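Asks: I am attaching a structure below and will ask some questions about it afterwards.
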Amino acid sequence: MEFSILEDRIPTIYLEGRIAEALRRLGVTKKTNTTERVHFCGVIVSQEQVFVLAPRNSGKSKLLGRLPNSQLAALILRVLAKYNTFSTTAIGVGAEPEDGNEGLGILASILWLLNDYATHGLYTTSMRSRQVNSGKVNWNRTISRETPHSGVGGSPVYMRLHSERIKFGEQSPVTLVHAEVIKELDRAFCWVVSGDAAIRIGMELELMPEVFQHVNTQTYLLKRELASTYADREIRLLKTLIKYLESKTQRADGEYIIGVRGFQTVWEAMLRDTIPNVIIVNPSLPKPHLYMKGRGEPVQARGMQTDIVSKNLNTLSIIDAKYYRAETPGDSPGWPDIVKQLYYLKALRQICPDSKLTNWFVFPGDQPENNQGPISSIAVIDNSGTPLTEEFQPIGCLYFCPIDVMQRYAASRKYAVSEISALYGDAVILD
């Protein structure tokens, strides 16, 4: 398979014409003003082509060159599968494509089916066959069905011995459907399990007969088998096969689009899961209240909601996860973002008066070290050019490597405090 490594939010003018046209056809580009950009993070498989759309600013990562294309694609799929399973902001299985997410509902099924086949092989069905003069004798059936002859000493002798044999059929209709699904997934996604697009996990299945029934007929066969199945693994396998086959009617043959159009929520979820010592403060923050005419008590409205607050010793770091390019004023946090962070700081001073507070924006980029990114900090400055640091504490800017964050998130591994110590220090205003 041919892998193309691209980046979310990249202008299509920088792409090869055939790739840009393919992404337009797949509906993952968006034109704003005069610039058309890719608006998608995930993996797209179309016949023998795999488009790997990494998070924005991944090209700055030192890890990118060390990761084979197929392994980067597999990493992104594992991240999306975990996000869709555990995040409260993830897409539901029945959500529509316009929700900004594609294929996440079926992603878990694809990964489970491939790993299940690699572990257990094909689904097998048993069939009891009755035979004569072969196998273990069924004496009850032989005595009831056959007339004995008199042998030596008057002992009965049976000329026909009835037996039963249980055969496990590899050519049953359900087994063939299972084989057909695994063949499809193995051709498109073998690299998720094997780590290499050239290594198939089910090459031997190519010798199995093809299934020519309509998808609805295949689904019917699986549901009929499910009604008479009681083993846990077989039940889950049949249900997952049914779910996968039902999804086939909603996409082009041989085409899989799996990812999100708005990676911001995934970026925030990953940072929340990998930054250590995250604490819950939002329920304690002061909230706006509406005083309604004719009502004695004010009505609480929706108020401040911090992204992440991490505690280290006596320091609270207020972190806003921003999925921005963050290289120029035009692609960096605007005044509404800045005001929110300043008010989060003001609110936390009220409920944590004895704690040291630091304030940070975290963008995708390279390593989380002070002054290593394009923007070091954001401060409010008066007309004379003097930073108003007492009234408006500066907000620091750090850049976390998106590939490193994805690897940690997929492995449920957090940063050590020493690796991100800048978060617990004051923002630096460069001269």
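Here, each number is a calculation from the coordinates, and none is a lab measurement. Bear in mind the structure is a predicted one, so any value in this text is a computation, not a measurement. With ideal geometry, Cβ positions are generated from the backbone for all residues, glycine too; neighbour counts draw on all protein chains shown.
Asks: How about Lys243: which aspartates and glutamates have a C-alpha closer than 18 Å to its C-alpha, ignoring those fewer than 8 places off in the same chain?
Replies: Glu96, Glu102, Asp116, Glu180, Glu184, Asp186, Glu225, Asp232, Glu234, Asp253, Glu255
Asks: Something else: Restricting the count to DSSP beta bridges whose residues both fall in the stretch 264-424, what percent are antiparallel, rounded to a multiple of 5?
Replies: Bridges in the stretch 264-424 are about 50 percent antiparallel.
Asks: Here is a follow-up. Packing-wise, with mean Cβ within 10 Å as the measure, how do 376-386, 7-17 rank, highest first? Show your work: numbers first, answer last.
Replies: Working: 376-386: 12.5, 7-17: 15.3.
Taking the mean over residues of other Cβ atoms within 10 Å, the ranking is 7-17, 376-386.
Asks: Computed FRET efficiency, Cβ-Cβ of Glu210 and Ile429, R0 56 Å: what is it to the nearest 0.05? Please report the intermediate quantities before stating the final value.
Replies: Working: r = 68 Å, r/R0 = 1.21.
My answer for the efficiency is 0.25.
Asks: Another question, if that's okay. How large is the dipole of the stretch 158-307 about the Cα centre if only Lys and Arg carry +1 and Asp and Glu carry -1, each at its Cβ, rounded to the nearest 20 debye?
Replies: The calculation lands at about 740 debye.
Asks: Span-like helices, the chain: DSSP H, alpha-carbon axial extent 27 Å or more, mean Kyte-Doolittle 0.5 or greater, which ones? Please report the intermediate quantities before stating the final value.
Replies: On the way: long enough: 173-194 (28 Å, 0.72).
In the chain, the long hydrophobic H runs are 173-194.
Asks: Please report how far the C-alpha centroid of the stretch 45-75 lies from that of the stretch 262-330, rounded to the nearest whole angstrom.
Replies: 31
Asks: If you put +1 on each Lys and Arg Cβ and -1 on each Asp and Glu Cβ, how big is the dipole of the chain around its Cα centre, in Debye rounded to 20?
Replies: Here the size comes out at about 1580 debye.
Asks: How big is the stretch 264-424 by the Kirkwood estimate over distinct Cα pairs, in Å?
Replies: Its Kirkwood hydrodynamic radius stands at 16.9 Å.
Asks: Do the alpha carbons of any pairs in Lys60/Lys322; Lys287/Lys414; Lys311/Lys356; Lys293/Lys346 sit beyond 20 Å of each other, and which pairs?
Replies: Numbers: Lys60/Lys322 17 Å; Lys287/Lys414 31 Å; Lys311/Lys356 10 Å; Lys293/Lys346 30 Å.
In this structure, Lys287/Lys414; Lys293/Lys346 lie more than 20 Å apart at Cα.
Asks: Any idea what the dipole of the stretch 264-424 comes to, in debye rounded to 20, about its Cα centre with Lys/Arg Cβ at +1 and Asp/Glu Cβ at -1?
Replies: Computed about the Cα centre, the dipole is about 680 debye.
Asks: Within the set of other residues whose C-beta is less than 12 Å from the C-beta of Met1, count the net charge using Lys and Arg as +1 and Asp and Glu as -1.
Replies: Around Met1, the charge tally is -2.
Asks: Here's something else I'd like to know. Hey, which lysines would be in cross-link range of Lys248, C-alpha to C-alpha under 20 Å, not counting anything within fewer than 8 residues on its own chain?
Replies: By straight Cα distance, Lys248 reaches Lys183, Lys223, Lys239.
Asks: Further, regarding this structure: Report the chymotrypsin sites (Phe, Trp or Tyr not before Pro) located in the stretch 277-337 that are in a DSSP loop and have at most 15 other Cβ atoms inside 10 Å of their Cβ, or state none.
Replies: Working: sites: Tyr291, Tyr323, Tyr324; in loops: Tyr291, Tyr323, Tyr324.
When the chymotrypsin sites (Phe, Trp or Tyr not before Pro) of the stretch 277-337 are filtered for loop state and at most 15 Cβ neighbours within 10 Å, Tyr291 remain.
Asks: For a distance above 29 Å, tell me the whole-number percent of Cα pairs in the stretch 191-348 that qualify.
Replies: Result: 55 percent of Cα pairs exceed 29 Å.
Asks: While we're here: Thr35 versus Leu64, label points 7 Å from Cα toward the beta carbon: distance in nm?
Replies: Using points 7 Å along Cα→Cβ, the separation is 1.6 nm.
Asks: Oh, and also: Tell me, what ³J(HN,Hα) does each residue in the stretch 46-52 have, in order and in whole Hz, if you take phi through Karplus 6.51 cos²θ - 1.76 cosθ + 1.60 with θ = phi - 60° and put x for Gly and Pro?
Replies: Result, ordered by residue: 9, 6, 9, 10, 10, 9, 9 Hz.
Asks: Now for a different question. Hey, what's the Kirkwood Rh for the chain if you take every pair of different alpha carbons, in angstrom?
Replies: Numbers: mean 1/r = 0.0384 Å⁻¹.
About 26.0 Å, per the Kirkwood formula over Cα pairs.
Asks: Take every DSSP beta bridge whose two residues both sit in the chain, then give the antiparallel share in percent to the nearest 5.
Replies: 70
Asks: Order by neighbour count: Cys352, Cys190, fewest other Cβ atoms within 10 Å first, most last. Walk me through the numbers before you get to the answer.
Replies: Numbers: Cys352 16, Cys190 22.
Going from sparsest to densest Cβ surroundings: Cys352, Cys190.
Asks: Rounded to the nearest 500, what is the 222 nm mean residue ellipticity of the chain from helices alone, with -39500 (n - 2.57) per DSSP H run of 4+ residues and division by all residues?
Replies: Details: 10 runs with 140 residues, N = 431.
Calculated at 222 nm, the ellipticity per residue is -10500 deg cm²/dmol.
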